[in-house]
Amino acid sequence: MFKWGSKIFTYSSNDICNTRQPGKGLWTFRINSEEQLKMATSVDAQDLKTLLESKDKIIRNLETLLQDRDSEIQELRSHLDMFQSVFPFSNPVSPTATLHHHPASPPPFQQPPSQNLVAKSLTSLLDGIARPRKQRAQGISAEPQSLSTIQELSQKKFPTYPKNDRSRELIKGAILDNDFMKNLESTQIREIVDCMYPVEYAADSVIIKEGDVGSIVYVMEEGRVEVSRENKYLSTMTSGKVFGELAILYNCKRTATIKAATDCKLWAIERQCFQTIMMRTGLIRQTEYTDFLKSVPIFKDLPEETLIKISDVLYETSYSAGDYIIRQGARGDTFFIINKGKVKVTIKQSNSTEEKYIRTLQKGDFFGEKALQGEDLRTANIIACDPDGVSCLVIDRETFNQLISGLDEIRTRYKDDDVAGRISSTNKEFQNLKLSDLQVLATLGVGGFGRVELVQVNNDTSKSYALKQMKKSQIVETRQQQHIMSEKEIMGEANCDFIVKLYKTFKDQKYLYMLMESCLGGELWTILRDKGHFDDSTTRFYTGCVVEAFDYLHSRNIIYRDLKPENLLLDITGYVKLVDFGFAKKLQNGRKTWTFCGTPEYVAPEVILNRGHDISADYWSLGVLMFELLTGTPPFTGADPMKTYNIILKGIDAIEFPRNITRNARVLIKKLCRDNPAERLTEVQKHKWFDGFNWEGLRTRTLTPPILPVVRSAIDTSNFDNYPPDADSPPPDDNSGWDSNF
């Protein structure tokens with residue numbers, strides 16, 4: 001049986017076709033030929049046409065309804081994201097929702113019950129709809145280290161504690177079984193094992209309490225512990241496990257409670273001891289490698305900063321006794337420095353099969369240096385001859401040339417501008433301005449130390465400014481005084497169209513204030529949150545703006561260290577500017593810095609492993625930013641900071657790239673996110689992904705931005721989220737004087 005228009009046709013086994021027209025009785029006839037079949041099937045073609053048109057109309061209506069529903073869901077998502085941005089609340093869908101607040105800081109503002117209900121209702125409505133969590137991420141930082149402190153720590157001796165072979169092997173095995181600590185070097189693991197001290201806890205004792213600030217990591221030798229969060233049991237751990245490892249990275253609150261289920265014997269190490277071991281390893285290696293390079297003729301005239309960079313790209317290769325490291329007549333592009341053991345040099349004569357012994361080389365000697373200058377035909381044999389094996393430090397010609405050209409490119413890209421002239425003209429314009437002259441109009445943002453307000457100078461309604469207000473007591477509590485003073489100095493001197501300008505600073509007994517240019521186009525993060533992700537062209541424009549800001553900073557040896565969409569503001573023309581220099585630092589030539597700081601999803605591997613970092617860490621974060629702009633979520637995201645760090649340590653090659661990321665964009669991201677900092681691409685403008693991009697138009701601001709914000713007046717805050725009034729009580733006074741130069 002089938003229905004056709006208003007007719008219903010049924011076939012019987014003897015080819016009888018019954019046709020029923022509703023309300024008009026039954027017609028019966030026999031089909032005896034193909035011609036009769038055609039006549040029967042064309043009974044009412046007009047009805048079929050009408051039916052198809054009707055169905056098409058229904059389909060179009062359903063498609064419209066579906067589009068409306070999708071738009072409604074997207075709008076609800078946007079509202080939910082906005083609620084979560086402004087009123088952070090815990091959500092089982094997102095384990096990271098409450099983990100990104102500034103470590104060891106007071107709890108975030110709690111929303112009133114009615115607003116909490118609205119946010120939870122929206123969450124309930126959208127439950128089951130898969131999407132990345134979009135919530136503003138807070139930067140985190142350990143206590144800053146000065147160079148003198150690092151030198152002091154590198155010579156510091158920590159007590160060691162005796163252990164039997166079983167305990168040593170158990171600690172080493174636990175470290176190698178831990179996703180984070182297994183990335184440490186063997187010498188570091190050995191020293192950590194030596195320095196771990198014994199502790200014991202009776203059954204029912206609390207070893208780690210959720211919410212407490214921690215600084216110790218533990219390895220369990222005997223017993224059993226139970227892990228819980230918010231009084232809910234999570235798991236049980238037994239001997240041979242590491243726990244509490246996040247505390248050895250930076251000062252932060254414990255995210256779970258660990259209670260002894262039985263009597264427990266543990267081994268422990270403090271953060272300062274752990275980080276000193278990590279730093280000392282890097283400093284000793286850097287000094288040793290640099291001294292090796294100074295003895296090589298082709299390197300002896302290079303500046304210290306270049307030698308340090310070259311030492312960073314040297315990698316270690318091991319050989320057994322009898323191995324040919326270099327064979328005469330072969331082509332090669334590799335240079336070697338002997339780090340351990342001895343090698344013999346031999347030459348094979350043209351008229352003999354014997355190899356003639358020339359000399360023996362040992363630790364500190366080098367060979368193959370001509371390969372770096374382009375002569376790639378080996379003129380002798382180099383054979384490992386030490387019974388304990390040979391270890392060499394190696395660099396190839398391509399890496400060497402890329403490194404040298406990259407250093408020259410950064411050094412010459414930006415000519416030094418008139419910093420003193422800009423500071424003088426700015427001071428002249430604002431020299432008589434007092435804090436009391438400023439009128440607060442609205443809140444533009446809320447950060448770790450306070451708020452950013454939109455202000456105007458009394459009697460001048462044509463301009464507006466952003467006033468960053470920071471609590472002095474909280475800065476002292478988290479030991480960030482050095483970072484704040486550095487922020488003021490770097491922003492005060494900066495004169496770049498891609499960096500927000502600082503005009504004047506103020507202070508009173510409770511707060512520090514920074515008066516800056518207002519960028520009323522809003523945060524790039526807010527736009528990304530609402531759109532979901534950007535296309536290739538839009539991402540290229542915003543990435544280009546960041547590259548220009550980085551070139552300006554890096555040419556002055558300034559590392560930024562907190563790149564993320566939240567720290568990129570659109571001005572009224574749609575161009576992006578870098579803001580929030582709380583983690584920025586001016587480095588000494590060729591030197592590294594060691595403070596753990598940044599946003600968890602954006603920190604580079606060398607920061608996590610405390611190996612020392614420089615401007616290469618900024619290029620890592622640039623690759624992460626590109627990925628997030630193209631997809632709406634960073635490539636490295638875990639359920640908590642420690643899981644995020646472990647994902648980062650697995651590398652960019654372990655990340656699956658969505659199809660919408662083009663091949664050239666994928667290649668660039670991978671070159672920026674290389675594990676070895678010295679191998680990261682720094683000449684970003686020359687990459688294929690930027691082919692045809694109008695860099696000159698970007699610098700002269702004649703290139704049309706992909707998104708043009710609507711700003712109706714100097715006090716239009718419609719491109720920012722709405723924030724509740726500050727519900728915190730005023731902070732205590734701080735008259736210690738640490739901010740005398742602010």
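Selection of the stretch 347-401 for residues being among the aliphatic types (A, V, I, L, M), surrounded by 12 or more Cβ atoms within 10 Å (Cβ to Cβ) and not in a loop (DSSP other than H, G, I, E, B) yields I347, I358, L361, A371, L372, I382, I383, A384, V390, L393, V394, I395. Please tell me if S486 is farther than 22 Å from P731 by Cα, in contact (Cβ under 8 Å) with a residue 40 or more places away in the chain and touching a Ser or Thr at 6+ places or on another chain (Cβ under 7 Å). No: the conditions fail for S486.
Among Y560, Y552, which is among the aromatic types (F, W, Y) and closer than 27 Å to T290 by Cβ?
Y560
If the condition is being hydroxyl-bearing (S, T, Y) and touching an Asp or Glu at 6+ places or on another chain (Cβ under 8 Å), then the stretch 187-209 contributes only Y201. When the residues of the stretch 266-279 are narrowed to those that are of a type outside the set (A, V, I, L, M, F, W, C) and under 25 Å from the mean Cα position of the chain (by Cα), which ends up most open to solvent (accessible area, probe 1.4 Å)? Result: Q272. Cβ separations smaller than 7 Å between residues 6+ apart or across chains give the following pairs from the stretch 441-453 residues that are touching a residue at least 24 places away in the same chain (Cβ under 8 Å) and polar (S, T, N, Q) to residues that are open to solvent by less than 30 Å² (accessible area, probe 1.4 Å) and in a strand (DSSP E or B): T443/R451; T443/E453.
Residue check: is L249 open to solvent by less than 10 Å² (accessible area, probe 1.4 Å) and modelled with pLDDT of 95 or more? No; evaluated as a whole, the condition is false for this residue.
Taken over the stretch 425-446, the criterion of being at pLDDT below 80 and open to solvent by 70 Å² or more (accessible area, probe 1.4 Å) is satisfied by N427, K428. Candidates in the stretch 498-528 are the residues that are touching a Ser or Thr at 6+ places or on another chain (Cβ under 7 Å) and open to solvent by 10 Å² or more (accessible area, probe 1.4 Å); of these, the one that is farthest from R666 (Cα to Cα) is Y513. Among all residue pairs at least 6 apart or on different chains, which show Cβ distances below 6 Å where the first residue, located in the stretch 333-357, is closer than 17 Å to L393 by Cα and the second is of a type in the set (F, W, Y) and surrounded by 16 or more Cβ atoms within 10 Å (Cβ to Cβ)? Pairs found: F336/F367; I337/F292; I337/F366. Scanning the stretch 677-713 for residues that are among the charged types (D, E, K, R), over 18 Å from T543 (Cβ atoms) and assigned to a loop (DSSP other than H, G, I, E, B) gives a single hit, R712. When the stretch 640-655 is limited to residues that are under 13 Å from the mean Cα position of the chain (by Cα) and of a type in the set (V, I, T), the one that is surrounded by the fewest Cβ atoms within 10 Å (Cβ to Cβ) turns out to be I647.
For the condition outside any helix (DSSP H, G or I), open to solvent by 10 Å² or more (accessible area, probe 1.4 Å) and touching a Ser or Thr at 6+ places or on another chain (Cβ under 6 Å), P635 does not qualify. Scanning the stretch 292-310 for residues that are in contact with a Ser or Thr (Cβ under 9 Å, 6 or more places away or on another chain) and not aromatic (F, W, Y), we see that the one that is surrounded by the most Cβ atoms within 10 Å (Cβ to Cβ) is I310. Scanning the stretch 562-578 for residues that are open to solvent by less than 20 Å² (accessible area, probe 1.4 Å) and in contact (Cβ under 8 Å) with a residue 60 or more places away in the chain yields D562, L563, K564, P565, L570, G574, Y575, V576, K577, L578.
Close contacts from the stretch 536-561, counting a first residue that is surrounded by fewer than 20 Cβ atoms within 10 Å (Cβ to Cβ) and a second that is outside any helix (DSSP H, G or I) and β-branched (V, I, T), with Cβ to Cβ under 6 Å and a gap of 6+ residues or different chains, come to D536/T662. Of all residues in the stretch 690-742, those satisfying the criterion of being open to solvent by less than 90 Å² (accessible area, probe 1.4 Å), closer than 17 Å to L570 by Cβ and of a type in the set (V, I, T) are I707, V710, V711, I715, T717. The single condition from (1) modelled with pLDDT under 95; (2) surrounded by fewer than 21 Cβ atoms within 10 Å (Cβ to Cβ); (3) not aliphatic (A, V, I, L, M) that G598 fails is (2). Does the stretch 604-614 contain any residue that is at pLDDT 95 or above, part of a loop (DSSP other than H, G, I, E, B) and within 23 Å of K592 (Cα to Cα)? Yes; the residues of the stretch 604-614 include at least one that is at pLDDT 95 or above, part of a loop (DSSP other than H, G, I, E, B) and within 23 Å of K592 (Cα to Cα). Of the residues making up the stretch 638-676, those that are assigned to a helix (DSSP H, G or I) and of a type in the set (A, V, I, L, M) are M642, I647, I648, L649, I652, A654, A665, V667, L668, I669, L672.
Taken as a whole, the condition of being more than 25 Å from T526 (Cβ to Cβ), among the charged types (D, E, K, R) and part of a loop (DSSP other than H, G, I, E, B) does not apply to D728. Scanning the stretch 656-680 for residues being open to solvent by 30 Å² or more (accessible area, probe 1.4 Å) and more than 19 Å from G532 (Cβ to Cβ) gives a total of 11.
Annotation: K686 fulfils all but one of (1) over 30 Å from G590 (Cβ atoms); (2) open to solvent by 10 Å² or more (accessible area, probe 1.4 Å); the unmet one is (1). Restricting the first member to the stretch 617-631 and to residues that are under 12 Å from P565 (Cβ atoms), and the second to residues that are open to solvent by 10 Å² or more (accessible area, probe 1.4 Å) and part of a helix (DSSP H, G or I), the beta-carbon pairs closer than 7 Å and six or more apart or on different chains are S621/Y602; V624/E601; V624/Y602.
Starting from residues that are open to solvent by 70 Å² or more (accessible area, probe 1.4 Å) and outside any strand (DSSP E or B), keep the ones in the stretch 212-227 and report whichever is nearest to T238 (Cα to Cα). This residue is R224.
The values are calculated or read from the model by the stated rules, or taken from the named source; none is laboratory data. What you see is a predicted model, and the numbers here were worked out from it, not measured in a lab. Glycine gets a Cβ as well: all are built from the backbone with ideal geometry, and neighbour counts include every protein chain shown. Please note that ligands, DNA and RNA were not included when accessible areas were found on the heavy atoms of the full protein model with its side chains. Shrake-Rupley method; radii C 1.70, N 1.55, O 1.52, S 1.80 Å.
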